[in-house]
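*Asks:* The structure follows.
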Amino acid sequence: MIITAFIMPLNAQNSQGKVQDALGTPLSDVSVFIENELISKTDAQGIFILSQAIELPITIKLKHPNYYIRTVRYSKDNSVFELTALETSLDLEEVLISSTYQKESQVIIPTAKISSEKFEEFSPIDLTSAINETPGVYIQSGAINTNRIVIRGVGSRTLYGTNKIRAYFNGIPITNGIGETAIDAFDPEDIGNLEIVKGPKASQYGTNLGGTLLLNSKQALEGETYFKSNLTVGSYGLIKNNISVATTNDKLALNLNYDHLKSDGFRENSNYNRKALLLTSNYTFDAKNDIGLLINYTDYFAQIPSSISKTAFNEDPSQAAFTWNAAQGFEDNKQVLIGLNYTHRFTNNFSNTTSIFYSYLDHYEPRPFNILDEYTNGYGARTLFAKDFKFLNHKANLSFGAEIYSDQYIWKTIENLYDSNANNGSLEGQLLSDNIENRNTLNAFATVTLPITEKLKAQLGVNFNTTNYKFKDDFNSGENNKNADRDFDPILAPNLNVLYQFTPNTTIYVNVSRGFNYPSIEETLTPEGVINPDLGPETGFNYEIGSELFLLDRKLKFQLSAYLLDIDNLLVADRVGDDQYIGRNAGKTEHKGIELSASYTQKFSNGFLLSPYINAEITDHRFIDFVDDQTDYSGHQLTGVPKVKINGGLQLGFKNVNLNTNFLHIGDMPLNDANTLSSDAYTVFNTKLAYKNSITKDFDIEINIGVNNFTDKQYASSVLINAVGFGNSEPRYYYPGMPRNWFSGIKIAYSI
């Protein structure tokens, strides 16, 4: 829900404002602050008064327990402000602005939403901890540039990186042609919010079995112009500087962000150096037309310590894998994402947003077994129409559109002669392979949202997908050439969401949806390098029921959900060599779980804030039918997923001081399909203390200090499932987590 504050002159003396919700209902107890001093509150009619002694323009801060705190610039030319609810109350009569469809899922049942305020509770390099607070979502992080996102068990069998989900940044896809996503290309300090749709519920985003991530960048409020800088230093040579310049008026919104991050890492061969530039802009021609631009450039160099064995993990978790250390393995990445979108409103109730986009990745990675040299050019277009209409005397909505995406992946492998390079690391030898992949995807989608009664709302969506790959072997010739095409059969994936609102504070919901995941080209290859025509996509049905409840004047919130996800034709990767895998459809899995979130926020009249929260999930993910090389693993627990994940925290605030303390508990998880080995359960505690103050009406400052893993727990922050030791070497299952480390930062913000 969005509330809007209207401020207008009152008889040329005092200024009177009114705060109301999207339906025009007045909201009481909204606090208005100037330089951290409470100067007014809204009454039962949503009215507040500013004294005639207050000289305009002035910066004011609006606070309400159920809404994000926003600082805005109030002047004669800027009198309308919007605040976003901490948790959207599910108003069945809410009118959805169709131009926002590119950035929001518009799923009517609750989704997980992470605000920039939540990201700020952690270290500015720590994107994963904030996301890990979401029940049902687990990020295993081997390093800043090595993350694997698992949603309700989907993606746990991906050995490196993230797939089986789809991700967008400001409405532009950041997932490549084979479903791989790397969110580390984006700076947490540039993210305004992140929405997580768990499971295949969001028809307009591809209905991947894992779900969808929707990242959106920060943007200045209307009338704001500011300069912000955040400098952070910390353990293991951490230096990070983020600089933002932004301005917004009734015509133009412009945001420019620069980020530089450098760290020596706590392990051998783990230096990291990243520079990033983000530009977002939107220009409004008139009431019917506007255009937006996105440019994101990232350049980073990251050494790779890789995973280590149990013995090495226990003896010294700071060591790198021997061969990776000897080869001085690293990855050198240059990435570009460009998007241009245009919105046209045919009427007040009908609009279209169309975007075109281009992405480029230049990746060079020396590894002990070979050197990978690759680059990818991706491009596509997306269009979405949205129409509001009347249904049974209620406001309904229809949205439909399509997305096409193509990329060309050019890659070669080169012999690595590091062992004969006099301890100077990797050295290129002979060419081993030279390949080109062309990957094409079409998604067409439609969703209709129908309020059946004042309390009952239904949403029906459908997604149609077709995908094909073309593989060109430029290394081998004649009968050894492995050129091949693979066209997958089209897939139709429907979904149904139903929401019933008993009271404004109590809702229940159900979901039934179908999803799918295609294999990558590499997974379709046999050990001989020939495409397997029998390998098909994973498919599955998701069933979910849940409830959301607000109590104590909406200060206390509960959310409970239970789900069942059945997946057929499970894709598994069989290891056939050092970092060589083939894929196959191995059988069926059943994913079951219960997720709970509870939070409480209490603000006292003396300025004290108390806000505890807890999130928990209990899961039972199992193989239903899985036979691997004549060994039957049916009934075994799914590998690489904990049965229990619990996190919680406490936020304490008093005037200008805030203290955030949180913990994450991960239960043990099987490391192999036989379930004979498991990782150890662990609990990690973090804390951050921040002091904020306004030096002048235009100049703000914040000083913070934090400690991660302050109990210095030794744990594995990521694991490699079904690891195999070659020769006499021990299998390397473990990516060690960071030991106790500190960070401290200073932020300055100047408004014009």
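*Asks:* Exactly one condition in (1) open to solvent by less than 20 Å² (accessible area, probe 1.4 Å); (2) within 30 Å of residue 382 (Cα to Cα) is false for residue 307; which is it?
*Replies:* Going through the list (1) open to solvent by less than 20 Å² (accessible area, probe 1.4 Å); (2) within 30 Å of residue 382 (Cα to Cα), residue 307 breaks only (2).
*Asks:* Could you tell me which residue of the stretch 247-264 is farthest from the chain's Cα centre (by Cα), considering only residues that are at pLDDT 95 or above and crowded, with 20+ Cβ neighbours inside 10 Å?
*Replies:* Per the criteria, the residue is 263.
*Asks:* Let me ask something additional. Quick check on the stretch 257-266. Is at least one of its residues among the small types (Gly, Ala, Ser), in contact with a Pro (Cβ under 8 Å, 6 or more places away or on another chain) and assigned to a loop (DSSP other than H, G, I, E, B)?
*Replies:* Yes - at least one qualifying residue is present in the stretch 257-266.
*Asks:* Moving to a separate point now. Kindly state which strands (runs of 3 or more DSSP E) lie completely within the stretch 274-382 and contain at least 1 residues that are in contact (Cβ under 8 Å) with a residue 12 or more places away in the chain and among the basic types (Lys, Arg).
*Replies:* 330-347
*Asks:* Here's a follow-up. Can you name every one of the strands (runs of 3 or more DSSP E) wholly within the stretch 542-603 that holds 1 or more residues which are among the small types (Gly, Ala, Ser) and either more than 22 Å from residue 641 (Cβ to Cβ) or at pLDDT 90 or above (or both)?
*Replies:* Filter on the stretch 542-603 gives 556-568, 571-577, 587-600.
*Asks:* Could you please find all residues in the stretch 633-657 being assigned to a strand (DSSP E or B), within 22 Å of residue 230 (Cβ to Cβ) and open to solvent by 50 Å² or more (accessible area, probe 1.4 Å)?
*Replies:* Listed by number, the list holds a single entry, 657.
*Asks:* Of everything in the stretch 407-433, what is open to solvent by 30 Å² or more (accessible area, probe 1.4 Å) and charged (D, E, K, R)? Give them in sequence order.
*Replies:* 412, 415, 419, 428
*Asks:* What is the one condition in (1) surrounded by 17 or more Cβ atoms within 10 Å (Cβ to Cβ); (2) among the polar types (S, T, N, Q); (3) not in a strand (DSSP E or B) that residue 497 does not satisfy?
*Replies:* Condition (3) is where residue 497 drops out.
*Asks:* Now for a different question. Counting just the residues of the stretch 202-235 that are open to solvent by less than 10 Å² (accessible area, probe 1.4 Å) and in a loop (DSSP other than H, G, I, E, B), which one comes out nearest to residue 542 (Cα to Cα)?
*Replies:* Of everything passing the filter in the stretch 202-235, 209 is nearest to residue 542 (Cα to Cα).
*Asks:* Same structure, new question: Could you please let me know if residue 241 is open to solvent by less than 60 Å² (accessible area, probe 1.4 Å) and part of a strand (DSSP E or B)?
*Replies:* yes
*Asks:* Which condition does residue 509 not pass, out of (1) aromatic (Phe, Trp, Tyr); (2) closer than 22 Å to residue 624 by Cα; (3) modelled with pLDDT of 95 or more, if it passes all the others?
*Replies:* (2)
*Asks:* I've got another one for you. Across the stretch 100-145, what is the number of residues that are among the β-branched types (Val, Ile, Thr) and in contact with a Phe, Trp or Tyr (Cβ under 7 Å, 6 or more places away or on another chain)?
*Replies:* 2
*Asks:* For the stretch 89-196, please list each of the strands (runs of 3 or more DSSP E) lying entirely inside it that holds at least 2 residues being aromatic (Phe, Trp, Tyr) and either at pLDDT 85 or above or farther than 30 Å from residue 507 by Cβ (or both).
*Replies:* 165-169
*Asks:* In the stretch 312-332, is there at least one residue being touching a Leu at 6+ places or on another chain (Cβ under 9 Å) and open to solvent by 40 Å² or more (accessible area, probe 1.4 Å)?
*Replies:* Looking through the stretch 312-332, none of the residues is touching a Leu at 6+ places or on another chain (Cβ under 9 Å) and open to solvent by 40 Å² or more (accessible area, probe 1.4 Å).
*Asks:* Something else about it: Could you list, in sequence order, the residues of the stretch 658-697 that are open to solvent by less than 50 Å² (accessible area, probe 1.4 Å), modelled with pLDDT under 95 and of a type in the set (D, E, K, R)?
*Replies:* 673
*Asks:* Could you please find all residues in the stretch 698-752 being within 27 Å of the chain's Cα centre (by Cα), in a loop (DSSP other than H, G, I, E, B) and surrounded by fewer than 16 Cβ atoms within 10 Å (Cβ to Cβ)?
*Replies:* Hits for the stretch 698-752 are 710, 713, 714, 740.
*Asks:* Okay, next question. Can you name every residue in the stretch 327-377 that is within 30 Å of residue 286 (Cβ to Cβ) and charged (D, E, K, R)?
*Replies:* 345
*Asks:* Which of the residues spanning the stretch 415-465 are small (Gly, Ala, Ser) and part of a strand (DSSP E or B)?
*Replies:* 429, 433, 444, 446, 458, 461 - these are the residues of the stretch 415-465 that are small (Gly, Ala, Ser) and part of a strand (DSSP E or B).
The values are calculated or read from the model by the stated rules, or taken from the named source; none is laboratory data. Keep in mind that this is a model prediction, so the values were computed, not measured. We place every Cβ from the backbone using ideal geometry, glycine too, and count neighbours over all the protein chains shown. The accessibility values were calculated without ligands, DNA or RNA, using every heavy atom of the protein model including side chains. Shrake-Rupley method; radii C 1.70, N 1.55, O 1.52, S 1.80 Å.
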